[in-house]
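The structure appears right after this line, and notes come after that.
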Amino acid sequence: MDNDKLVIAGHEFQSRFILGSGKYSLNLIEAAVRDAGAQIITLAVRRANTKEHESIMDYIPEGVTLLPNTSGARNADEAVRIARLARELGCGDFVKIEIMRDTKYLLPDNEETIKATQILADEGFIVMPYMYPDLNVARDLVNAGAATIMPLASPIGSNKGLAAKEFIQILINEIDLPIIVDAGIGRPSQACEAMEMGAAAIMANTALATAGDLPLMASAFRQAIEAGRKAYISGLGRVLVRGAAASDPLTGFLRD
Amino acid sequence: MTNDFFIDSKKLSAKALERKHQIENDASCRTNHMEYMPGMERIDSDILDNVIDTMNDYDYDRYTAGDVEAALGHEVCTIEDLKALLSPAAEPYLERMAAKARIETRKHFGNTVYIFTPLYIANYCDNYCVYCGFNCYNQINRMKLSLEQIEHEMKIIADTGMEEILILTGESREKSNVEYIGEACKLARKYFRMVGLEVYPLNSDEYKYLHECGADYVTVFQETYDADKYETLHLLGHKRVWPYRFESQERALMGGMRGVAFAALLGLSDFRRDALASALHVHYLQRKYPHAEMSLSCPRLRPIINNEKINPLDVHEKQLCQIICAYRIFLPYVGITVSSRESAQFRDGIVKIAATKVSAGVSTGIGDHESKYTGGERSEAEGDEQFEIDDDRSFDMMYRDMEKEGLQPVLNDYIYI
């Protein structure tokens, strides 16, 4: 387990919890780093692009990797421009692509996401695209130069857990890049389940931001993610789908 | 229960008074409020019919406690549910509506609350809207800021730390033309991250121009969705054309604006029907323009200069809260703005339930930020206010108060690209 690291484009991380950017506050970032062990924190460029008052960049502790996102972008072109702005602001080369053409559900636009991934990967960004879990799109993103694939588990902010479980499992099975489950994870148990399935990491925000006791919930997420990861590495045992296994073998009648 | 809106200024000439009384008292002297004036763009849209047909069918006395219970139990709020939540039958359920609204708000917005300020740059107006302090018959100090004065005001506001500004004018195309507003937007881009506009309705190509000048959000209040009532309140000027005003948000989106805001001025007409229509206006436009950001304001009538008696009639704080909760439950994703027309106490309470945006450091007058922000002498060269505000908290005080309420103030969530 000690050597079990999350590797994104050659960068190694001990933690498999990534803090999303939706609802930020100093308390949330502190809890995410101290209690959930987060080493990557998402930064919404549109909020970071702020004057002297409260800027999320002031909150980011040293040693934590910033993951600027392109929220607010409605197409590939806007996402590319926001990513370049993030680089100019000194946010480094990581970028999470978020492209939404829908303000109601905030569902990602897969087609535009592929285009933006191609452009930004060519410019040397470490591209982490947020996407609707579709195997064909995931393969296109791999070919476009993505560093990870970030499928949504359920609608953002919904805390509905792994609504897209079967499709995320297919991505885990078929894609060689880290699959980071993003959006919709509302409870530690859901994070644990995604990790058991073989997800490489979990991104969450609302689940922590709206918790009654933030530090306690942060540590619960850390333990859940670690437990799920251990279960995955150890290899899950026999899981019975329904009923009991027959004690007498069905094939006992066969002669040698 | 009605407001007495008509006030005669002693400064009006006999001829002007005669004309005023004529249009007030004789509907046949007034223009057809459903007819577009020359130059007003027509667009192909079915949204108006969808909204108004549903509003016209709304018989809110038909809804029962059972309908309200069902609405509160549904995960997705339907239009029927919204009608139940806006009905008198929902009034005893206010606490449960607030609890549900708060859950939706927290899911979509977390603990954040946005702070902005309006900047009125001119108060000349060609319209006679009987309830408005800027109306052309109301004797007030009129003023239009020069570009230098606008920049001066913006600097003062920006120095407080504010990052979002809403530029407003009275509705006079002649005095405050599109180029003038465009120049104000360009200046605002220098000092603010987010520039919104609340000016007279424009054609889509004009919205496109103002977007290129730096504006990204357009607010137009429909005032009332009851076209017949509207006709009796908006007696003169281009604002009289009700359908052109209704289609403003759509034209703004066609012009490339990122977001649009809506409101009925509560207290003008039947507030339940107006609230329903406002929510449906957002709902149908969102379905047609899913990428657009939408927000709702919830203004109530306020007293104006020369008419202290104007009030929101039957829309008391409980009714206002009911409307805002119903908006939130039906439209979980939209921003909800509660302006300084409301008291500090109401605003502090409602941001914990459903509102996501408040103004601070507000002046609805012209060119008076320096005297208001620094406590200095009021200058003669200031324009009078559109209405009286209630909550006069400064930006700093609002910021601190929101933090005290356990909320995270956000100054900017925008990127102009």
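Residues that are over 23 Å from B:His281 (Cα atoms) and without any contact (Cβ under 8 Å) to a residue 60 or more places away in the chain: find the helices (runs of 4 or more DSSP H) completely inside the range B:158-237 holding 1 or more of those. Let's see the steps before the verdict.
On the way: elements: B:178-191, B:204-212, B:227-233.
Ranges flagged: B:178-191, B:204-212.
Out of B:Arg287, B:Arg273, B:Arg258, B:Arg341, which single residue is in contact with an Asp or Glu (Cβ under 7 Å, 6 or more places away or on another chain) and within 14 Å of chain A (Cβ to nearest Cβ)? Please lay out each step first, then the result.
Numbers: B:Arg287 fails: in contact with an Asp or Glu (Cβ under 7 Å, 6 or more places away or on another chain); B:Arg273 fails: within 14 Å of chain A (Cβ to nearest Cβ); B:Arg341 fails: within 14 Å of chain A (Cβ to nearest Cβ).
The conditions single out B:Arg258.
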Test set (1) of a type outside the set (D, E, K, R); (2) within 21 Å of B:Asp126 (Cβ to Cβ); (3) over 17 Å from the mean Cα position of the chain (by Cα) - B:Cys213 fails condition number: (2)
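Being out of contact with any helix residue (DSSP H, G or I) (no Cβ under 8 Å at 6 or more places or on another chain) and either at pLDDT 95 or above or more than 14 Å from chain B (Cβ to nearest Cβ) (or both) is the filter here; which residues of the range A:93-107 pass it? Write out each step before concluding.
Pass one, the range A:93-107, residues out of contact with any helix residue (DSSP H, G or I) (no Cβ under 8 Å at 6 or more places or on another chain): A:94, A:96, A:100, A:102, A:105-107.
Selection gives A:Phe94, A:Lys96.
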Count of the range B:265-277 residues which are out of contact with any Leu (no Cβ under 9 Å at 6 or more places or on another chain) and either part of a strand (DSSP E or B) or crowded, with 22+ Cβ neighbours inside 10 Å (or both): 1
Unmet criterion (only one of (1) part of a loop (DSSP other than H, G, I, E, B); (2) over 23 Å from the mean Cα position of the chain (by Cα)) for B:Tyr36: (2)
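Go through the range B:305-417 and tell me which strands (runs of 3 or more DSSP E), entirely inside it, have 1 or more residues that are surrounded by fewer than 23 Cβ atoms within 10 Å (Cβ to Cβ) and either modelled with pLDDT under 85 or not basic (Lys, Arg) (or both).
Values: elements: B:335-338, B:357-359, B:408-410.
Answer list for the range B:305-417: B:335-338, B:408-410.
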Leading residue by the ranking (nearest to the other protein chains (Cβ to nearest Cβ)) among those in the range B:65-109 that are of a type in the set (Ser, Thr, Tyr) and crowded, with 18+ Cβ neighbours inside 10 Å: B:Thr105
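Is it the case, given these coordinates, that B:Tyr414 is closer than 21 Å to B:Leu276 by Cα, within 14 Å of chain A (Cβ to nearest Cβ) and in contact (Cβ under 8 Å) with a residue 24 or more places away in the chain? It would help to see each step written out before you state the result.
On the way: closer than 21 Å to B:Leu276 by Cα: no; within 14 Å of chain A (Cβ to nearest Cβ): yes; in contact (Cβ under 8 Å) with a residue 24 or more places away in the chain: yes.
No: the conditions fail for B:Tyr414.
Just checking, which of B:Tyr114, B:Tyr137, B:Tyr128, B:Tyr120 is buried (at least 20 other Cβ atoms within 10 Å of the Cβ) and either farther than 29 Å from B:His234 by Cβ or modelled with pLDDT of 95 or more (or both)?
Unique residue meeting the criteria: B:Tyr114.
Just to be sure I understand, how many residues within the range B:248-306 are in contact with a Gly (Cβ under 7 Å, 6 or more places away or on another chain) and more than 30 Å from B:Asn3 (Cβ to Cβ)? Step through it out loud before you land on a result.
Here is the first cut: in the range B:248-306, the residues in contact with a Gly (Cβ under 7 Å, 6 or more places away or on another chain) are B:292-295, B:300-301, B:304-305.
Cutting the leftovers down to more than 30 Å from B:Asn3 (Cβ to Cβ) gives us B:292-293.
Of the residues in the range B:248-306, 2 are in contact with a Gly (Cβ under 7 Å, 6 or more places away or on another chain) and more than 30 Å from B:Asn3 (Cβ to Cβ).
Any chance the range B:87-104 includes a residue that's in a helix (DSSP H, G or I) and in contact with a strand residue (DSSP E or B) (Cβ under 9 Å, 6 or more places away or on another chain)? Full working, then the answer.
Taking the range B:87-104 first, the residues in a helix (DSSP H, G or I) are B:88-104.
In the following step, the residues that additionally are in contact with a strand residue (DSSP E or B) (Cβ under 9 Å, 6 or more places away or on another chain) were identified as none.
Looking through the range B:87-104, none of the residues is in a helix (DSSP H, G or I) and in contact with a strand residue (DSSP E or B) (Cβ under 9 Å, 6 or more places away or on another chain).
The values are calculated or read from the model by the stated rules, or taken from the named source; none is laboratory data. All values reported here derive from a predicted model rather than from experimental measurement. Virtual Cβ from ideal backbone geometry, glycine too; neighbours counted across all protein chains shown.
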